[in-house]
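Take a look at the structure set out below.
Readers should treat all values here as calculations from the given coordinates under stated rules, not as data from a laboratory. Everything numeric in this text was worked out from a predicted model, so none of it was measured.
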Amino acid sequence: MTVSLITTDQVASRLGRALTDVETARLPFIAADVSATIRGYTGQTITQQVHVSRVLVLDGAFRLPERPVVSVASIATVDGTAVTGWGWDGLEMVEWVTAPVTLVSTPSRLWVDVTYTAGWEEVPDAIVGVGCAIAVRALTVQPDSVALQSESIGGYSYQRGGAAANGSFGLLLGERQILDRYRRTAATLGLRL
C-alpha cells in the first residue's frame with residue numbers, strides 16, 4: 001500500500017477542531033485520494049522508496065525520474081546484464097565514468113534498468129500543507145455539491161472558481177504553484193552538429 005502524504009493529526013490541526021466520527025471514517029479514503037492527486041500532479045512518489053526504472057541512456061548519461069535521489073544501487077541492460085563503469089553525481093544524473101566493460105561498445109543510445117532509492121524520509125511541509133488544504137476542502141464540502149459552480153437565492157449569489165467547481169480534489173492555482181517545485185521536469189537533450 002502506498003504511504004499517505006498526510007496524517008489525521010495534521011488535518012485536524014488545520015481544521016481547528018476535533019474530527020467527527022463521520023469525518024474520521026472518511027479521512028483515510030480522502031487522504032488516499034489527496035495523495036494520489038498530489039503524486040499524479042507532480043509525477044513523483046514523494047515518500048522514500050526503492051525504484052526500478054527503465055531509462056534511456058543518451059550519449060553516456062541519463063537523468064533519474066524520481067527525486068530526491070538518495071542512492072543508486074545497480075544498473076543493468078534490459079536483458080539483465082549488470083553494467084559497470086558508471087558514476088552518480090549525487091543529485092539525479094548518472095553517466096559512464098569509464099566505458100562499461102559489460103558491453104562490447106558504449107552505444108550512443110541504450111535502455112537500462114536502474115535500481116535506486118529516491119524520495120523524502122519526511123514529507124515536505126509544503127506538500128503536507130497543500131494536502132491538508134485539499135483534505136479540509138473535501139471534509140467540509142458535501143459530496144453532492146462539489147460540482148456546483150454558482151447558485152443564487154433572491155438577491156444573494158455565491159460563485160466558486162473553476163478549480164473548486166472541479167470537486168474537492170481539484171487543485172487551486174496557489175496549490176499548483178506550490179506543487180510545481182516538486183514536479184518532474186522535462187529532460188533536455190543536447191544536439192551535436
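Odds and ends about this structure:
- Region 49-118 - Debye-derived log10 I(q)/I(0), Cα point model, q = 0.24 Å⁻¹: -1.07
- Contour excess over end-to-end distance, with Cα ends at residue 56 and residue 24 and 0.36 nm allotted per residue: 7.0 nm
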